[in-house]
Amino acid sequence: MRSLDGSGNNVAHALWGEAGEDFLRTAPVGYADGVSGMASGPSARAISNLIFNDLGQNVFSENDISQWGWAWGQFVDHDLDLEDETPAESASIPFDAGDPFEQFTNDLGELDFFRTPAASGTGTSKTNPRQQADTISSYLDGSQVYGSTQSRLDWLTAADGYDLFLPGGYLPHASAKANAPAMDLMGALAGNPGDAIVAGDVRANENLGLTSIQTLFAREHNRIADSLPASLPAATRFQVARRVVGAEIQWITYEQFLPTLGVRLPAYRGYDPNVDATVSNEFATVGFRAHSMVHGEFEPTVATGTFSDAQLAAFAAAGMEIERNADSTVTIVVPLDLAFGNPDLLEQIGLGPILASLSEREYRNDEQIDNSLRSVLFRIPKPTTSDPGACNEPAPSAECFSDVSDLGADDVQRGRDHGMPTYNGLRAAYGLPVARSFTDVTGESTESLPAGMTCSDPRILAFTSLKDEDGNAVAVGNQDDAVSAVRASTLAARLKCLYGGVDRLDAFVGMVSEPHVRGTEFGPLQLAIWRKQFAATRDGDRFFYANDPELEQIYRTFGIDYRVTLNELMRLDAGVSIEGNVFKAS
């Protein structure tokens, strides 16, 4: 039986993949002093404004990948790695209101950023540089459903001993039972922690898509456990369901998710006890970050009459757009900022409609990040604010400070915090040739700006042409059809404006700037990082579904098969019927 924390998976190396162990390193550290000091470079916010800024122009996956691509990726990420979230040294990101590319207001003058704490005993010398620990199991084992500790699992387990605690079919709120385990709190949840839902992973409240998948697999556990003979001990029913759910997550990842995104692995040759499945720092910090894929809104669609006029009015009053369609359906457009830290919306709208909404096409995996992630506006009470609750409202208030959060800038800063090497250093570590110029990075023809333009000229960001998936031109400003875009300046030219020389390029920035390998969603570096980690995660797991004889025994005895597509899971556990490959947009 799997341990909760990953310990003992490898009999000869019991700590491999265990929660609390240091991330592996594929490349030499890139600290400024070789020990722990963060490398210097252009301001992460300046990089975001000049490189990640999409000016509100939607550009979609050229391979028709649905939003299940980023949503499942996040769900898997929360099964594999979680750095220690305890704030260490402050490394705030400067916010320059005078930046000619800055479009937002930040009353605080900087973007908060705190370093990840050094793993115990590290960061003392160049031979013992600062490392970071993975606080959860490194194995793809369903830890985001069940947790990596017995105390969390005990709280999540229903009184019958074999089901997960799901009041009304939804994940429980922290207020549902005493002594709820900690969850990450964001948005309005920071002031109302009892409203947070509780799951195996602390990040389950981040957005509606993630919360919906967490709920789906909790329901799936209960469906399996409830189908087993009542004569079995409760603990046996629980563990059979847990084993199947973990295998389902693996099977969907390796048989649906990775192949659809173009990640092809060597043929599986069975469990290899010499392979360490521990997640690498490069994968967790650089390679498995794909924020540009995330759509700026959810668009669940339901039959007219599903919600009363009063309910629809309440949604509209909360900041959602209500679209009444000609086919007798209603679409509720939920901006990402409303879906952030707002788990109650899932129950209000329904699990099925939210899951089905992920079938729409996701954004292209590139350097451009939607402003809903790149420039999230928060409002913080001023010391003299009479009603702090007013700062949770969408409307601006003179009593509140405006504060910007930028996930793209955080990605850059986290790479420096974790001692990632430069882009060329990381390419070398993964066996790829180094880039000699910025055009080598981007595949473009020039790294010079257009005549008459400078690095501080906002015109260099302007979109000049768009094309759809058939190569046909579409109008600039079209928000539905573009899969490629040309701007007034090349990406290579803007990178040169910031970095001067290619050898200074941050690994994350260079990675997302690469052209895609044909038939995949990735440039060569990101593809290499994914291939290496997912091969190790598979080959170094003694309980991987293709190596676990107990799964076949469960099938023969109880008729329960782990080889279930996401389509079937949604039908069984959420009443949603989706045809075809859910990772392809419908």
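List the chymotrypsin sites (Phe, Trp or Tyr not before Pro) in the range 411-492 that DSSP assigns to loop (not H, G, I, E or B) and whose Cβ has at most 10 other Cβ atoms within 10 Å. Which are they?
none
Can you check how the C-alpha radius of gyration of the range 1-99 compares to 2.2 N^0.38 Å, as a plain ratio?
That works out to 1.55 for the range 1-99.
Tell me what the chain gives for mean residue ellipticity at 222 nm when only DSSP H runs of n ≥ 4 count, each as -39,500 (n - 2.57), the sum divided by the residue total, rounded to 500 deg cm²/dmol.
The per-residue figure over the chain is -8500 deg cm²/dmol.
HN-Hα J couplings of the range 88-98 from phi, Karplus 6.51/-1.76/1.60, θ = phi - 60°, integer Hz, Gly and Pro as x?
Computed from phi, the couplings for the range 88-98 are 9, 4, 6, 9, 3, 9, x, 10, 9, 4, x Hz.
What length, rounded to one decimal in nm, is gained on full extension from Tyr268 through to Tyr555, with 0.36 nm per residue of separation minus their alpha-carbon distance?
101.2 nm
Compute the length gained on full extension between Thr329 and Ala317: take 0.36 nm times their separation in residues and subtract their Cα-Cα distance, giving the result in nm to one decimal.
Full extension of this stretch gives 2.3 nm more.
What distance in nm lies between label points placed 7 Å from Cα along the C-beta direction at Lys584 and Ala88?
The answer from the label model is 4.5 nm.
Grab the Cα-Cα distance for Phe114 and Ala451, subtract it from 0.36 nm times how many residues apart they are, and report the gain in nm with one decimal.
Value of the extension gain: 117.2 nm.
For the range 125-132, just list the computed ³J(HN,Hα) in residue order, Karplus coefficients 6.51, -1.76 and 1.60, θ = phi - 60°, integers in Hz, with x standing in for Gly and Pro.
6, 5, 8, 9, x, 4, 10, 10
Enumerate the amide H contacts of Tyr271 below 5 Å, restricted to partners 5 or more residues apart or on another chain; note that Pro and chain-start residues carry no placed amide H.
Placed amide hydrogens put nothing under 5 Å from Tyr271.
Just in the range 208-311: which trypsin sites (Lys or Arg not before Pro) are loop by DSSP and have at most 13 other Cβ atoms within 10 Å?
Answer by residue number: Arg264, Arg269.
Sequence gap at least 6, Cα distance under 8 Å: using those rules, report the relative contact order of the range 144-220 to the nearest whole percent. If you can, show how the numbers build up before the last one.
Working: 100 pairs, mean separation 26.8, N = 77.
About 35 percent, as a whole number.
Report the calculated FRET efficiency for Val11 and Asp309 (r = Cβ-Cβ distance, R0 = 60 Å), to the nearest 0.05.
0.45
Per-residue HN-Hα couplings for the range 161-171, Karplus 6.51 cos²θ - 1.76 cosθ + 1.60 at θ = phi - 60°, whole Hz, x for Gly and Pro?
x, 10, 9, 8, 6, 9, x, x, x, 10, 4
Could you pull the Rg and Dmax for the range 454-586, using just the Cα atoms, both in Å?
Just the Cα atoms of the range 454-586 yield Rg and Dmax of 22.6, 71 Å.
Per Stokes-Einstein, at 10 °C and 1.306 mPa s, what whole-number D in µm² s⁻¹ belongs to the chain, with the Kirkwood radius over Cα pairs as the hydrodynamic radius?
D, rounded to a whole number, is 64 µm²/s.
Roughly how many percent of the accessible protein surface of the chain is carbon and sulfur, given a 1.4 Å probe and a whole-percent answer?
51 percent
Which net charge results when you count Lys and Arg as +1 and Asp and Glu as -1 among the other residues whose beta-carbon is under 12 Å from that of Asn205?
Within the 12 Å Cβ shell, the charges total -4.
Express as a percent, rounded to the nearest 5, the fraction of DSSP beta bridges in the chain (both residues included) that run antiparallel.
95 percent
Among the trypsin sites (Lys or Arg not before Pro) in the range 87-150, which ones are in a DSSP loop with at most 15 other Cβ atoms within 10 Å of the Cβ? Mind listing them?
Those that pass, being in a loop and sparsely packed, are Lys126.
Considering Cα pairs under 8 angstrom that are at least six residues apart, work out the relative contact order of the chain and quote it in whole percent.
About 23 percent, as a whole number.
Please list, in chain and number order, the residues 5+ apart from Gly523 or on another chain whose amide H is under 5 Å from its amide H, with Hs placed from the backbone.
Val517
Might you tell me the accessible area per residue for the chain, computed with a 1.4 Å probe and given in Å²?
39 Å²
With a/c under 1.5 counting as rounded, go ahead and sort the range 183-304 into rounded, prolate or oblate using the C-alpha gyration tensor (a ≥ b ≥ c being the square roots of the eigenvalues; past the cut-off, prolate if a/b is larger than b/c, else oblate).
Cα axes put the range 183-304 in the oblate bin.
With a ≥ b ≥ c the root eigenvalues of the C-alpha gyration tensor of the range 235-287, is it rounded (a/c under 1.5), prolate (a/b larger than b/c) or oblate?
In terms of gyration-tensor shape, prolate.
The values are calculated or read from the model by the stated rules, or taken from the named source; none is laboratory data. None of these values were measured; they are calculated from a predicted model. Glycine also receives a Cβ, built like all others from the backbone with ideal geometry; neighbour counts cover every protein chain displayed. Side chains are part of the model used for accessible areas, which takes the heavy atoms of the whole protein and leaves out ligands, DNA and RNA. Shrake-Rupley method; radii C 1.70, N 1.55, O 1.52, S 1.80 Å.
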